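Inspection log for the structure reproduced underneath, given as structure tokens.
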């Protein structure tokens, strides 16, 4: 009966109830949209980090990470073949390869830009990374070929295309200067700014020769069959390969995780403000409703309704407004999220100007459907609405029947 | 046999820093089945007496008994239970719940009492609605009824749980004289049929004329107590 009464009561002042519901719906709709967008950015960024930069696990020479900003060639793994052979036998490993990362200046004779050189083994790089699939124009490089792949942003900067030549200026392991004239064989479009805007890719053999590395590499990259096993596998490798640094993609994607957490923190602040406004709205609606129904409360008390039953009636009213507001919020969230999932948001117009902000996005990012978030939003809306109705319900239940019945 | 009893009841109200006496040592006993009226001018203390009999308020001094229970020392929950089980109320402004139909308004006290199942409640509510002459209005909401019809619903609501006492605060004040008399006749008839005790507060001469006991209060004291 109390529930039926509460349900009918919330429609007594339909416009006020509707406005309150809209406030909740708006708050939750924005929450769901933000969650979808940020999760989309995270998923997209993490996928690109894994597919183009880190694989699942990397092995470095001890001390490499301390100096990682300089991409030191002297902290290299000198006998990678033995390690690759051992690790690749593990049944958890899907693919393994090795790379050299090195700092370069790229020049067309007029302009010169700093960039990163990545020397890959074209034969097995595809077992770990997806650079081959990201060749938008031209072809993938072959073993020993004096050619390079270039990020499309860099290609645009130099206004070059497939078949053109650029000069790669770098220093060898022994700090001597080296210059290579390499033909552009393919243009990479990964939508990862670390690649598209700042990297060239050359065959490992060419890199080793040019950099005086012998057979050495700066990293060994591993892809596991099951990504959820990375921590376990890292620990296992750390025990087996003493003297080397083993890092998972999560350790290496700290910048993405940090930006993700910062954005989420900032979004939480905005969301909290919206929710607080909505909750004040509910509390106010229930309080107004209590003050408008003083005589009725007096009458119900006179009929023998206990204070806790009166409290419960008003809490039900708040919870019901929360429920309907939350349902509308979920519908609004779904309606706003649909185009985000289907068409995405193109950040391209601002991302290049903003530079490297951590997210691996150069163009469009897409939302994701996280149905459990809709359920959480629904429960959150109802529970919190009920909680903020406790105070007005308490005010209503504290009214003295004799005083309440006197009110006009 | 008395169903309600006041002995040396004093009731003071605090208005700001001033203590205002509303009742100054009232002793009165209401017998079962009486159709009593407490009359007096505004501020005489008649509503205070009704509130004390209705367990809506507690005395500053003296004792109030309802069905052998001293209500002066009960907690708010215990008072609510006494009201729930023993008392029915009829108000000047009807005080029906606007979102409920006539049927649901009358059913409400039975649900609070957890009395009977839905079928039993329906039978009881429909019977009392028929008794007060509005069986055909059961589905109407208060805003679809006249003042007289609403007061009949209120009477049915007060009587449906078979209370020992029905307290009516100026029940005809918001009705025209013809409708008011109809309501009084109905209450008298219900009083005779169910032997339920009725206590009114009023300054309406017509209500006083219908009462079989007239208690006059003035300045918080009983001025006269006349049984007819």
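Just so you know, all these numbers are worked out from the coordinates, no wet-lab data involved. Since the model is a prediction, treat every value here as computed from it, not as a measurement. Please note: Cβ atoms are built from the backbone with ideal geometry, for glycine as well, and neighbour counts cover all protein chains shown.
A few remarks follow.
- Fewest-first sequence of A:360, B:121 by Cβ atoms within 10 Å of each Cβ: B:121, A:360
- Rg followed by Dmax, in Å, when the stretch A:43-83 is reduced to its Cα trace: 12.5, 35
- For peptides A:314-321, A:59-66, sequence by mean Cβ density within 10 Å, most packed first: A:314-321, A:59-66
- Hydrodynamic radius by Kirkwood, which averages 1/r over all alpha carbon pairs of the stretch A:3-67, in angstrom: 16.6
- Mean shadow area of the stretch B:108-165, taken as a quarter of the surface of its Cα convex hull (nm²): 4.1
- Stretch gain in nm, segment residue A:379-residue A:94, where the contour uses 0.36 nm per residue and the Cα spacing is subtracted: 98.5 nm
- Whole-number percent relative contact order across the stretch B:81-186, with pairs defined as alpha carbons under 8 Å at least 6 apart: 43
- Principal axis extents of the C-alpha atoms in the stretch A:261-345 (largest first, rounded to whole Å): 60, 25, 19.
- Antiparallel %, DSSP beta bridges [both residues in the stretch A:144-297], to 5: 65
- Just checking the listed ones, B:123, B:189, B:170: in the Gaussian network model of chain B with Cα springs under 10 Å, the one fluctuating most is B:123.
- The stretch A:7-55 versus the stretch A:250-310: alpha-carbon centroid distance in Å: 16
- Shielding by other protein chains, A:3-15, mean Cβ within 10 Å: 2
- Cα gyration tensor shape for the stretch B:78-184, rounded if a/c is under 1.5, else prolate or oblate: oblate
- Most mobile listed residue (A:181, A:85, A:108) in chain A, GNM with C-alpha springs under 10 Å: A:85
- A Förster radius of 35 Å combined with the Cβ-Cβ distance from residue A:13 to residue B:136 puts the calculated FRET efficiency at roughly 0.70.
- Taking every DSSP beta bridge that has both ends in the protein assembly as shown, the antiparallel portion is near 70%.
- Rounded to the nearest 0.05, the FRET efficiency derived from the C-beta distance between residue B:115 and residue A:255 at R0 = 60 Å is 0.30.
- Separation in nanometres of the label points that stand 7 Å from Cα toward Cβ, at residue A:273 and residue A:111: 3.9
- Site pair residue A:164 and residue A:369 shows an inter-label distance of 4.4 nm when each label is modelled 7 Å from Cα along Cα→Cβ.
- The Cα trace of the stretch A:151-191 gives Rg and Dmax of 12.2, 34 Å, the first to one decimal, the second as a whole number.
- Legend: mean number of C-beta atoms from other chains within 10 angstrom of residue C-beta atoms, peptide A:290-301, equals 3.
- Across peptide B:86-93, the average count of Cβ atoms from other chains found within 10 Å of a residue's Cβ is 3.
- The order of B:161, B:119, going from fewest to most other C-beta atoms within 10 Å of their C-beta, is B:119, B:161.
- Taking the three principal axes of the alpha carbon atoms in the stretch A:189-279, the coordinate ranges are 66, 36, 23 Å, sorted in descending order.
- When only Cα pairs below 8 angstrom with a gap of at least 6 residues are kept, chain B shows a relative contact order of 29 percent.
- In this structure, residue B:42 and residue B:69 have a Cβ-Cβ separation that, at R0 = 45 Å, corresponds to a calculated FRET efficiency of about 0.90.
- Each helix, a run of at least 4 DSSP H residues, gives -39500 (n - 2.57); summed and divided by the residues of chain A, these come to -16500 deg cm²/dmol at 222 nm.
- Centroid-to-centroid, using Cα positions, the stretch B:177-225 and the stretch A:58-92 are 101 Å apart.
- Counting only alpha carbon atoms, the long axis of helix B:76-86 and the longest principal axis of chain B meet at about 60°.
- The long axis of helix A:371-388 is offset from the longest Cα principal axis of chain A by roughly 40 degrees.
- Label point at residue B:194 placed 7 Å out along Cα→Cβ; residues across the stretch B:118-141 whose backbone nitrogen lies under 15 Å: B:121-135
- Here the contact order of chain A, divided by its residue count and restricted to Cα pairs under 8 Å and six or more residues apart, works out to 27 percent.
- All-pairs Cα distance distribution in the protein assembly as shown, expressed in whole percent, bin size 10 Å: 3, 13, 17, 13, 9, 7, 7, 8, 8, 8, 5, 2, 0
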